[in-house]
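A short worksheet on the structure shown next.
The values are calculated or read from the model by the stated rules, or taken from the named source; none is laboratory data. All figures in this text were calculated on a predicted structure; none of them were measured in a lab. Virtual Cβ from ideal backbone geometry, glycine too; neighbours counted across all protein chains shown.
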């Protein structure tokens, strides 16, 4: 089957016998490439290529104006705004937020040849009515608001005049000038035959220009539309062509050329639901592999149309190796590259820098970027990692250049270029960025990374362009304005791919598919909000005013999407429509209404297969994770046993043997992070250290009210001292940390008050503080030395009875320290507190045998309960008081359980088996 362009060329060649003196005008440059290919197939002798223009090139030629870049338009609009606004002038950053919308509206006004005077008069009147004010005297805010709308027409006229003086125009202005210059153009091109091919939705200027050229009886127009849509009075795919047919005198007289009847021919259509965007790309890759296998790796007339450009990168990573040729039309957006995130983060360092330095999260985010790591690596040492580790270990919440320099002394690291103080001007910042680009270039060349070098070169061009802009536009004098400019320039640039636009698989966006026909079409992201784009109205002009003046609204935009969708399907034989089954605010909603429309079409639905693509999932039964004890692991156990099992490590084993294996043997701990707010373990450490300093002078002495009352005067100083030990960078006493600080003060003061009350009732003598103890508990069955080690927070004597006390900053309940079954100590983690107390008692009495003692926990979150003493109950539900005395018999019974636990850990035949926690 001939493609649309081939049909048009064949028809023209039959009529004229040659392509001399023909001017072809098409919707896009890409369709021009296919047109040239079609001409080469038809002619059998060398000819001069006829003039081929995209519609924008053609309009630009008639107008005599160059189209200004979006950045240039924004700057000229800002200068015009400053000229006519005397008071309350906005800076460039704030202006850019609404200036882009205004540019779009100005563009629409001119492209549709709207009477700007009437439109702006209506617009200002509407705004004044909307902000009707009951008082005769308006406030300054309302007065300024109304004044803005009244000045819009003047802003529009001055802006257009400013551009024309420079020989430029925005797209709409170029179209309006082309319409005004059309008589001159037609007079100078009488001998040319114009052929307009494949148009659909035309703005007023395009419509008027084409009609006037057609009226000169030296032109033709061919419509790329199927009669199926044209003859359906309510089908949106034919909305514009039906309208043109009714209103254009030329078409009323000559009819429509190019109309086909291929849509109803047999097709294979698959409607496929796939969860999420990345899965769509993976599915397309699988589909392409299947098609390539059937066609021996050479895909002919096959296109993947991406309605969401963000899918390009995952799609490129999903293309099967079986494909011979791939051509990418879209270009990869520079703002999706890793260099964009690198330079963006670098600039943001200075946008968000505070007087006391860089906030650590901004620094750590920047340091985690692969290109930052590349810059900060020398002799295989990653200084980015060094800074990160120092920041987290020292809890540095703000960093200065001097602090960074103290961490890294190497002169081979460009710290002075990366971390600048004071905050640099935009001009100096660009100089530093260009210097960084030079360093990155050398490193990437050494690595042979050609793709990254190509990306870097594009950014080199952007920053050189920014250098020129900064010299020309002095109002960009702060980091926020510079950042806005950078994002504006990057958003418009793409990284272009080289390929064959005719052969092989074609990857493109919807607009690039105009006038092109493929046998196999794969459309992705066929969801509401993407195809069609939805009812978003980024405009200052209200809907009713647009309708009244003939400006396009979402209704017309929906019809444009519908036309492109159905036009792709017209001549295709194999069609795959892929949509996201998981609606998302950012990634589009439910599946597109266009799919529903296809499914309800009686002519087509017999050819449609609908299904949900579900990845093959092998459900494997959950296996119990077990780690066998090989020679290396047994060696780790021996080493750990020689150093000493601590009560907490043994409790960790009782809780989950796999945690003991990872944390206590392999030393794999949680990732260390900066503590912005006091963590639970740090909270407990500050309490422990404070109490140790308070009670040190009292070791060997009895407690009394006078000493304890005097002790309270030192609490605040000691708590602050230990706070600063954990947070050395700056004062942390603010926000949640201030609350934590005051809670610690309250806990320690309340504990001292409790001690004062106890000292009145009992004689309490401090025997030791933070005492480290290690004892041998070797067992013949193990075959190697085993030790038990730990630190006793406090040993005292109350009314002659020895007492061991453990401090806990968390909440402990009496039920957690009272047991009724000895086996529970090594089986149930709930009794870990009781287990630890008995470990401390066993270690203390090893060298100092006593007949009886007590052991208990001071829980600072349950201080009102006093000392929570270890005890033995008759049964779980026994209401009688537990026996608090720890005797030699008690320790003997505990030793049996301890031995059983340690033998299990050291037994090479018992693996570490995961417990559900």
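Which is closer than 27 Å to residue 95 by Cα, assigned by TED's automatic domain parsing to the domain that holds residue 370, without any contact (Cβ under 8 Å) to a residue 60 or more places away in the chain and assigned to a helix (DSSP H, G or I), of 453, 470? Write out each step before concluding.
Numbers: 453 fails: closer than 27 Å to residue 95 by Cα.
Result: 470 is the single residue among 453, 470 that is closer than 27 Å to residue 95 by Cα, assigned by TED's automatic domain parsing to the domain that holds residue 370, without any contact (Cβ under 8 Å) to a residue 60 or more places away in the chain and assigned to a helix (DSSP H, G or I).
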Item checked: Hey, residue 655 surrounded by 14 or more Cβ atoms within 10 Å (Cβ to Cβ), assigned by TED's automatic domain parsing to the domain that holds residue 785 and on the phi < 0 side of the Ramachandran plot or not -> yes
Item checked: Residues of the range 357-397 classified as within 25 Å of residue 340 (Cα to Cα) and either in contact (Cβ under 8 Å) with a residue 24 or more places away in the chain or not in a loop (DSSP other than H, G, I, E, B) (or both), total -> 28
Note to self: Among the residues that make up the range 27-35, is at least one of them over 42 Å from the mean Cα position of the chain (by Cα) and modelled with pLDDT of 90 or more?
What the structure shows: no
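This table checks each residue for (1) surrounded by fewer than 15 Cβ atoms within 10 Å (Cβ to Cβ); (2) touching a strand residue (DSSP E or B) at 6+ places or on another chain (Cβ under 8 Å); (3) modelled with pLDDT of 90 or more; (4) under 20 Å from residue 747 (Cα atoms).
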residue: 790; (1), (2), (3), (4): no, yes, yes, no
residue: 797; (1), (2), (3), (4): no, yes, yes, no
residue: 807; (1), (2), (3), (4): no, yes, yes, yes
residue: 818; (1), (2), (3), (4): no, yes, yes, no
residue: 824; (1), (2), (3), (4): no, no, no, no
residue: 837; (1), (2), (3), (4): no, yes, yes, no
Check: What single numbered condition from (1) surrounded by fewer than 18 Cβ atoms within 10 Å (Cβ to Cβ); (2) touching a residue at least 24 places away in the same chain (Cβ under 8 Å); (3) more than 18 Å from residue 4 (Cβ to Cβ); (4) more than 40 Å from the chain's Cα centre (by Cα) fails to hold for residue 206?
Finding: (1)
Checklist line | Candidates 49, 71, 67 - the one that is closer than 19 Å to residue 26 by Cα and within 35 Å of the chain's Cα centre (by Cα) | finding: 67
Check: From the set of residues in the range 619-652 that are assigned to a loop (DSSP other than H, G, I, E, B) and surrounded by 12 or more Cβ atoms within 10 Å (Cβ to Cβ), which is modelled with the lowest pLDDT?
Finding: 625
Check: In this structure, does residue 665 turn out to be assigned by TED's automatic domain parsing to the domain that holds residue 713 and either at pLDDT below 90 or under 41 Å from the mean Cα position of the chain (by Cα) (or both)?
Finding: yes
Item checked: Sole residue being loosely packed, with under 14 Cβ neighbours inside 10 Å, in a loop (DSSP other than H, G, I, E, B) and without any contact (Cβ under 8 Å) to a residue 60 or more places away in the chain, chosen from 41, 45 -> 45
Check: Within the bounds of the range 850-867, is there any residue that is surrounded by fewer than 14 Cβ atoms within 10 Å (Cβ to Cβ), without any contact (Cβ under 8 Å) to a residue 60 or more places away in the chain, farther than 20 Å from residue 764 by Cα and within 46 Å of the chain's Cα centre (by Cα)?
Finding: yes
Next item on the list: Could you tell me whether the range 194-204 includes any residue that is part of a helix (DSSP H, G or I), modelled with pLDDT under 95 and over 21 Å from residue 542 (Cβ atoms)?
Entry: no
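The rows are residues; the columns are (1) in contact with a strand residue (DSSP E or B) (Cβ under 7 Å, 6 or more places away or on another chain); (2) at positive phi; (3) assigned to a helix (DSSP H, G or I).
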{"residue": "233", "(1), (2), (3)": "no, no, no"}
{"residue": "245", "(1), (2), (3)": "no, no, yes"}
{"residue": "253", "(1), (2), (3)": "no, no, yes"}
{"residue": "273", "(1), (2), (3)": "yes, no, no"}
{"residue": "279", "(1), (2), (3)": "no, no, yes"}
{"residue": "292", "(1), (2), (3)": "no, no, yes"}
{"residue": "300", "(1), (2), (3)": "no, no, no"}
Notebook entry, point to check: Just for the range 704-737: of the residues that are assigned to a loop (DSSP other than H, G, I, E, B) and surrounded by 12 or more Cβ atoms within 10 Å (Cβ to Cβ), which one is modelled with the highest pLDDT?
Noted result: 704
Check: Before we move on, is residue 16 at pLDDT below 90 and within 34 Å of the chain's Cα centre (by Cα)?
Finding: no
Next item on the list: Just name the residue that is nearest to residue 570 (Cα to Cα) out of those in the range 239-252 that are without any contact (Cβ under 8 Å) to a residue 60 or more places away in the chain and in contact with a helix residue (DSSP H, G or I) (Cβ under 7 Å, 6 or more places away or on another chain).
Entry: 241
Checklist line | Failed criterion for residue 532 (all others in (1) under 24 Å from residue 612 (Cβ atoms); (2) assigned to a loop (DSSP other than H, G, I, E, B); (3) touching a strand residue (DSSP E or B) at 6+ places or on another chain (Cβ under 9 Å) hold) | finding: (3)
Checklist line | Options 543, 554, 549; residue that is surrounded by fewer than 21 Cβ atoms within 10 Å (Cβ to Cβ), in contact (Cβ under 8 Å) with a residue 60 or more places away in the chain and farther than 20 Å from residue 521 by Cα | finding: 549
Notebook entry, point to check: So residue 778 clears everything in (1) under 17 Å from residue 645 (Cα atoms); (2) part of a loop (DSSP other than H, G, I, E, B); (3) under 51 Å from the mean Cα position of the chain (by Cα) except one condition, right? Which one?
Noted result: (3)
Next item on the list: Kindly indicate whether residue 810 is assigned by TED's automatic domain parsing to the domain that holds residue 853, assigned to a loop (DSSP other than H, G, I, E, B) and under 19 Å from residue 833 (Cα atoms).
Entry: yes
Margin query: Of the residues 863, 842, 825, 838, only one is touching a helix residue (DSSP H, G or I) at 6+ places or on another chain (Cβ under 7 Å) and more than 30 Å from residue 690 (Cα to Cα); which?
Written below: 825
